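Each reported figure results from applying straightforward, stated rules to the coordinates on display, with no laboratory input. All values derive from a computational prediction rather than experimental measurement. Backbone-built Cβ (ideal geometry, glycine too); neighbour counts: all protein chains shown.
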Amino acid sequence: MIQAALETGLRQTMTRLVRPLLHPAVPVGIQRRLVSKAYLTSIPPRGTRFEDFTAEGLAMTRVCHSDSPHGVVLYFHGGGYIIGSPRTHRGITGHLAKASGAMVIVPDYRLAPENPYPAALDDAETVYLALLDEGHPPETLSLAGDSAGGGLAVALAMRLRDKGLPLPSSLMVMSPWTDLSNAQLYSPECEPVLQRSWIDKAARLYCGSEPVSNPYISPVYGDLSGLPPLLIQAGSQEILLNDAQRLANAASRDSVDARLEIYNSLWHVFQVHAGQLGRATEALETAGQFIRRHFPS
């Protein structure tokens, strides 16, 4: 009963406080500042350590919960490619570090409109190759992300495959944004977080003059064959539910080992409430188990 009441309260909070911020009339700079404050309610587990550093010209955050982490998760934060940072995602990455037992690296990749496509993808590739150069075997690496960051993780795996570069051991994405045309959005009974008009604006700012059907922008239009095992999580109360379903269908079509988990009556990237909301905590524990299973023992 307590968890049900908490779900209701969190849903109302997202609807009344977060959703109005994600409106195309609100300037991007203001959204960045206000949304960063909203994320202060997403709290990492006690004992998580965060280290900010710079490498390859990019600011990054190293997240660890274990004293002897095993493997590395390269995590891409969400925010429609226009907002968000490693700091906004400390809660979700802290819980993922605890659940996976791995070190989580969160790059502060360049955002639109200042840096449209392919800046984010270039930064993602740069960090991944730097991890390989540091001596991390690809089988000890995993890619993960939420929302736009989930789409970015899949796009990076596709680019690595197309270049003949070593692939990570797994992919884990939450509420991934995989079709920036927004042509087949889901119509849930309620949508506590996202507005169609906002993601349309974010897509325009990120894509610039590039066709939205470019598979490195919208992975559902690409060939997923040869990608590593994929775990997809989404809530039933989000307009991007079809993006998750279509990604799972494309993966199945291309013989990728993929699993789709839909959490009824939960919203876009509900995992930010891990540590408070039981089902959010369980979802990240499942994600951590998935990542660990594909690392060498």
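Stretched out fully, how many nm does the piece from GLN184 to VAL26 gain, at 0.36 nm a residue minus the Cα gap?
Length gained between GLN184 and VAL26: 54.4 nm.
Convert each backbone phi in region 76-85 into a coupling constant with the Karplus relation 6.51 cos²θ - 1.76 cosθ + 1.60 (shift: θ = phi - 60°), then list the ³J(HN,Hα) values in order as whole Hz, x for Gly and Pro.
Computed from phi, the couplings for region 76-85 are 10, 6, x, x, x, 6, 10, 9, x, 6 Hz.
Report the one residue of GLN3, THR126, GLN195 whose Cα lies farthest in the direction of the positive end of the charge dipole of the chain (charges on C-beta: Lys and Arg +1, Asp and Glu -1; origin at the Cα centre).
GLN3
Please give the Cα centre distance for region 214-233 versus region 9-55, rounded to the nearest Å.
Between the Cα centres of region 214-233 and region 9-55 lies a distance of 27 Å.
Using the Kirkwood radius over Cα pairs, work out the Stokes-Einstein diffusion coefficient for the chain at 4 °C and 1.567 mPa s, in µm²/s as a whole number. Please report the intermediate quantities before stating the final value.
Values: Rh = 18.7 Å.
Here the translational diffusion coefficient equals 69 µm²/s.
Only loop residues by DSSP count here, and only those with at most 13 other Cβ atoms within 10 Å; note down the trypsin sites (Lys or Arg not before Pro) in region 35-77 that meet that. Write out the running numbers ahead of the final one.
Values: sites: LYS37, ARG46, ARG49, ARG62; in loops: ARG46.
Those satisfying the criteria are ARG46.
Quick one: net charge of LEU260's neighbours, Cβ under 13 Å, K/R +1, D/E -1? Present the calculation step by step, with values, prior to reporting the outcome.
Values: positive: ARG246, ARG259; negative: ASP243, ASP257, GLU261.
Here the count lands on -1.
Can you give the net charge of the other residues whose Cβ lies under 13 Å from the Cβ of LEU194, counting K and R as +1 and D and E as -1?
The answer is -2.
Taking square-rooted eigenvalues a ≥ b ≥ c of the alpha carbon gyration tensor, is region 3-109 rounded, prolate or oblate, where a/c under 1.5 means rounded and, failing that, a/b exceeding b/c means prolate? Could the numbers behind the result be given before it?
Working: a/c = 2.84, a/b = 1.35, b/c = 2.11.
Oblate.
Per the Kirkwood formula on distinct C-alpha pairs, the Rh of region 56-194 is how many angstrom? Don't skip to the answer; put the middle values down first.
Working: mean 1/r = 0.0651 Å⁻¹.
Taking every pair of different Cα atoms in region 56-194, averaging 1/r and inverting gives 15.4 Å.
Using amide H atoms built in the peptide plane, which far-off residues or other-chain residues are under 5 Å from VAL256 H to H?
Under 5 Å from the amide H of VAL256: no residue qualifies.
Considering only the other residues whose Cβ falls under 12 Å of the Cβ of TYR75, what net charge follows from Lys and Arg at +1 and Asp and Glu at -1?
So the environment of TYR75 carries a net charge of 0.
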